[in-house]
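Have a look at the structure below, then the notes.
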Amino acid sequence: MTSPDTESDERLLIEAAQKDPARFADLYERHFGRVYAFVVRRVRDRPAAEDVTSEVFQQALANLPRFEWRGAPFAAWLFRIAANAILDRAKRASREVLVADPEDRAETPGFPEVELHAHLFRLVRALPEDQRRVIEMRFAEQRSIREIALALERSEGAVKQLQFRALEGLRARMGQSNA
């Protein structure tokens, strides 16, 4: 969990970058490692991860004037941009494979995995709001149960229950779509 001093410091960095985009470099340096690690674990291809990470920070800089501080860490906003960029990349890749030659689709390495991830992202977005937030915070942002409980102002037991229900729902839906 971030301390009030760290939170205040980050908020000042964001406000400074909103006034002067050249100050975005401070935010970039602070968050690059975590965002890159988040992306590379999901993309599993170093050049692609570098491209996606670059895209994340380009989008963040372009949209920074519209960013509103809501008490959540700036990294959460970056992770959301990254998750969307990964999903967009997977969708583009699947369209390119489909356009190339439907017969080659089965031979394309990683196609089922990309499709599975895209399907999983859709299923997560369809979860009830509280379950979706817990799943995103737990797995996309890699927060602990305690951090999520504090952020959502819930007990750790309630967060564990939400996580359990969300995962059970996802398992059931994934099983239905594979049947």
Gln18 vs. criteria surrounded by fewer than 16 Cβ atoms within 10 Å (Cβ to Cβ), touching a residue at least 12 places away in the same chain (Cβ under 8 Å) and closer than 24 Å to Arg133 by Cα: no
Within segment 117-158, restricting to residues that are in contact with a helix residue (DSSP H, G or I) (Cβ under 8 Å, 6 or more places away or on another chain) and of a type in the set (Asp, Glu), the one that is modelled with the lowest pLDDT is Glu141
Which of the residues that make up segment 61-74 are under 19 Å from Met137 (Cα atoms) and surrounded by 15 or more Cβ atoms within 10 Å (Cβ to Cβ)? Pro73, Phe74
Have a look at Gln176, Gln163 and point out the one that is part of a helix (DSSP H, G or I), farther than 25 Å from Ala48 by Cβ and either touching a Pro at 6+ places or on another chain (Cβ under 9 Å) or at pLDDT 85 or above (or both). Gln163
Considering only segment 131-148, how many residues are without any contact (Cβ under 8 Å) to a residue 24 or more places away in the chain and not in a loop (DSSP other than H, G, I, E, B)? 4
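The values are calculated or read from the model by the stated rules, or taken from the named source; none is laboratory data. No experiment lies behind these values; they were computed from the predicted model shown. All Cβ positions, even for glycine, are placed from backbone atoms using ideal geometry, and neighbour counts span all protein chains on display.
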